[in-house]
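Have a look at the structure below, then the notes.
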Amino acid sequence: MDGQTIQIFDSEKKLSFTYEDLLQFHGNEMPGGVALVFKLMHWIFQDVAGEIPERTSCSFYSGLGKNGRGIIDGAECVMQVSKSNKLYQDPEYCLPVKAPDAPGGGKYYFELGFNGKLFGIGVREGVIPEEFYSFSKYIHSKKNNGQAVTAEEKEKLQLLRESLARTIMNSRAEDLFEAERLR
């Protein structure tokens, strides 16, 4: 979308990933989550830490738990954290953290570790639009109660996800996230 790439070393080979690469890996169901994790990794790696991580040193924590498949898939595409057993998804861990609640449970809080560093990253209040949050929460509630989601509801949810992705990709990372170096 904006020509940005994430770079990472896999042994001595430098790999580059675009947002489109992550979206293709994920399958396009949750483009907002893919956009969120793309911007998060690009910002922390390039702008905050100013270095290219070694893939084997990476770890990722998602405060969304098992929800947020786009975020998890995007992190996996670049860092292979699931494959290397360095993906953590316990929503209870981040309960005391100040970060917006997610519609499916948990919080919009992440921890990104690499090259001996660890950063805690929260999504800023107001980044996730109220319409997206409310409708996603409604869909989660229906699914949790065993109710079918209609074709119209699926279409609306996808449109909201795509709108969220565009907004995120067209925003500055500093306006999306708050980060703290934990180690």
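The values are calculated or read from the model by the stated rules, or taken from the named source; none is laboratory data. No experiment lies behind these values; they were computed from the predicted model shown. With ideal geometry, Cβ positions are generated from the backbone for all residues, glycine too; neighbour counts draw on all protein chains shown. These area figures cover heavy atoms from the full protein model, side chains too; ligands, DNA and RNA do not enter into them. Shrake-Rupley method; radii C 1.70, N 1.55, O 1.52, S 1.80 Å.
For segment 136-183, what class follows from the C-alpha gyration tensor (a ≥ b ≥ c being the square roots of its eigenvalues): rounded when a/c is under 1.5, otherwise prolate if a/b is larger than b/c, else oblate? It is oblate, given that a/c is not under 1.5 and a/b is not larger than b/c.
Relative contact order of the chain: what whole-number percent is it, with Cα pairs under 8 angstrom and at least 6 residues apart?
Worked out over the chain, it gives 24 percent.
Find out how many positive minus negative residues lie around ALA99, taking Lys and Arg as positive, Asp and Glu as negative, among other residues whose Cβ is under 12 Å from that of ALA99. Taking every other residue near ALA99 into account, the sum is -2.
Would you please classify the overall shape of segment 25-73 from the alpha carbon gyration tensor, given that a ≥ b ≥ c denote the square roots of the eigenvalues, rounded means a/c under 1.5, and beyond that prolate means a/b larger than b/c while oblate covers the rest? Verdict is prolate for segment 25-73.
Please report the carbon-and-sulfur percent of the accessible area for the chain; probe 1.4 Å, protein heavy atoms only, DNA, RNA and ligands left out.
Working: 4360 of 9180 Å².
C and S fraction of accessible area: 47 percent.
Placing ASP10, ASP73 in order of accessible area, with the largest value first and a 1.4 Å probe, yields ASP10, ASP73. Loop-located GluC sites (Glu not before Pro) in segment 65-111 (DSSP state other than H, G, I, E, B) with a sparse environment of at most 14 neighbouring Cβ atoms within 10 Å: GLU92.
For the chain, the longest principal axis of the alpha carbon atoms and the long axis of helix 31-42 meet at an angle near 20°. With protein chains left intact and a 1.4 Å probe, residues in segment 46-183 average 52 Å² of accessible area per residue. Projecting the Cα atoms of SER136, GLY146, LEU112 onto the charge dipole of the chain, computed from C-beta unit charges around the Cα centre, puts GLY146 farthest toward the positive end. Between 0 and 90 degrees, the angle of helix 151-169 with respect to the longest Cα principal axis of the chain falls at about 30 degrees. Could you work out the local net charge near SER84, counting Lys and Arg as +1, Asp and Glu as -1, over the other residues with Cβ closer than 11 Å to its Cβ? Local net charge: +2. The charge dipole of the chain, taken about its Cα centre with unit charges on the Cβ atoms of Lys, Arg (+1), Asp and Glu (-1) only, comes to about 360 debye. Rounded to the nearest 10 degrees, the angle from helix 130-144 to the longest Cα principal axis of the chain is 70 degrees. Computed 3J(HN,Hα) for segment 51-67, one whole-Hz value per residue from the Karplus formula 6.51 cos²θ - 1.76 cosθ + 1.60 where θ = phi - 60°, is 8, 9, x, 8, 3, 5, 8, 7, 9, 8, 10, 10, x, 8, x, 6, 7, glycine and proline marked x. Exposure check, 1.4 Å probe, all protein chains in place: TYR138 carries approximately 100 Å² of accessible surface.
Computed about the Cα centre, the dipole magnitude for segment 1-94 is approximately 160 debye when only Lys and Arg (+1) and Asp and Glu (-1) carry charge, each at its Cβ.
Can you give the local net charge around PHE119? Use residues other than it whose beta-carbon is closer than 13 angstrom to its beta-carbon, Lys and Arg +1, Asp and Glu -1.
-2
Taking a ≥ b ≥ c as the square roots of the eigenvalues of the alpha-carbon gyration tensor, segment 3-50 is classed oblate because a/c is 1.5 or more while a/b is no larger than b/c. Using alpha-carbon positions, what is the distance between the centroids of segment 113-132 and segment 59-80, in Å? If you average the Cα positions of each part, the centres end up 12 Å apart.
So what are segment 17-122's ellipsoid semi-axes, whole angstrom, largest first, if each one is the square root of 5 times an eigenvalue of the alpha-carbon gyration tensor? Write down the numbers at each step before the final one.
Numbers: eigenvalues 72, 57, 31 Å².
For segment 17-122, the semi-axes come out at 19, 17, 13 Å.
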